[in-house]
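K.L.:
Starting off with a structure, shown below.
Values quoted throughout were computed directly from the atomic coordinates according to the rules given, and no laboratory measurement underlies them. Remember, predicted model here, so these are calculated numbers, not experimental data. As a convention, Cβ positions derive from the backbone with ideal geometry for all residues, glycine included, and neighbour counts pool all protein chains shown.
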Amino acid sequence: MSFDTILSFMKKALKALEGGHEPPEPVEVFEFMVVRGTTPGQLEALIEVVEVEHEVWSEHGVRARPALHPFVSERLGVYTLDPEIVGRLLGYPECCVRYFLDGHVRYDHEGPAVVTEGFVPCSRTCEGAVRARLLDPEPDVEAYREVERELEGELGDLPRYHTEYRGYYEYHGVGP
Ligand SMILES: [Zn+2]
């Protein structure tokens with residue numbers, strides 16, 4: 001789950017961009033990249049960024065995965081496309097997509113949790129979100145901070161186009 005589905009999408013999209021392969025689902029994301037004039041070389045660079053994120057995250061063994069670096073998500077249309085399409089790309093559970101579409105566009109639950117930045121779970125303990133590695137209701141906060149520090153060291157020099165971007169994780173109910 002999680003990075004695997006995103007990486008598999010991106011690798012199939014790379015083959016499709018190079019020609020002779022069907023575009024992967026969600027097709028809308030692929031079309032967005034085509035309209036933006038994304039080249040195979042650019043997509044390869046994006047795949048490398050996600051692989052670094054996947055590696056750093058796996059090494060630390062924390063439950064929730066970090067958000068895609070905005071250098072990647074901007075190119076995939078994460079800030080632009082319909083939430084349902086973006087949810088399919090990023091592996092968001094349907095209960096949480098519905099919750100978001102019902103108007104809960106920010107995290108609004110009581111109690112401790114770490115979520116992947118930008119993801120809004122339908123509850124603090126949503127099982128689908130925990131399984132999808134998007135939510136940790138029993139977080140080891142220091143371990144998450146360490147993942148963020150390491151990612152910042154590896155990927156901190158990449159440009160960020162999205163001004164709302166704050167980090168890789170959101171911390172709720174766990175102190176400053
Ligand atoms: Zn949910």
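K.L.:
For residue 94 and residue 34, what is the calculated FRET efficiency with R₀ set at 41 Å and r taken between the beta-carbons, to the nearest 0.05? Working shown, then result.
P.N.:
Working: r = 27 Å, r/R0 = 0.66.
So the FRET efficiency works out to roughly 0.90.
K.L.:
Hey, can you rank 61-70, 46-55 by average C-beta count inside 10 Å, highest first? Could you put the intermediate results ahead of the total?
P.N.:
Numbers: 61-70: 21.3, 46-55: 16.9.
Per-residue Cβ counts within 10 Å, averaged per peptide and sorted highest first, yield 61-70, 46-55.
K.L.:
List 172, 60 from most exposed to least, where exposure is judged by having the fewest other Cβ atoms within 10 Å.
P.N.:
Working: 172 18, 60 13.
So the residues, fewest neighbours to most, are 60, 172.
K.L.:
Suppose each label sits 7 Å from its Cα in the direction of the beta carbon; what would the residue 84-residue 52 distance come out to in nanometres?
P.N.:
3.6
K.L.:
Contour minus end-to-end for residue 25 and residue 140, with contour as 0.36 nm per residue of separation and end-to-end as the Cα-Cα distance? Walk me through the numbers on the way to the answer.
P.N.:
On the way: separation 115, 0.36 × 115 = 41.40 nm, distance 3.43 nm.
Length difference between fully extended and current span is 38.0 nm.
K.L.:
Next question. Once Rh is set to the Kirkwood radius over Cα pairs, what Stokes-Einstein translational diffusion coefficient, in µm²/s, holds for segment 33-89 at a temperature of 4 °C and a viscosity of 1.567 mPa s? Walk me through the intermediate numbers first.
P.N.:
Working: Rh = 12.5 Å.
Estimated via Stokes-Einstein, D reaches 104 µm²/s.
K.L.:
Can you list which of the GluC sites (Glu not before Pro) found in segment 59-149 are DSSP loop residues with at most 16 other C-beta atoms within 10 Å?
P.N.:
Values: sites: 59, 74, 84, 94, 110, 117, 127, 142, 146, 148; in loops: 74, 110, 117.
Counting only loop positions with at most 16 other Cβ atoms within 10 Å, the GluC sites (Glu not before Pro) in segment 59-149 are 110.
K.L.:
In percent, what relative contact order does the chain have, based on Cα pairs under 8 Å that are 6 or more apart in sequence?
P.N.:
Worked out over the chain, it gives 26 percent.
K.L.:
Right, something else. What order do you get for 151, 158 when you list them from fewest to most C-beta neighbours inside 10 Å?
P.N.:
On the way: 151 21, 158 12.
Exposure proxy ranking, most exposed first: 158, 151.
K.L.:
Put one equal scatterer on each alpha carbon of the chain, apply the Debye formula with no solvent term, and list log10 I(q)/I(0) at q = 0.09, 0.15 1/Å to two decimals.
P.N.:
Log-scaled intensity ratios, in q order: -0.30, -0.84.
K.L.:
Can you give me the Cα centroid spacing of segment 1-73 and segment 134-160 in angstrom?
P.N.:
19
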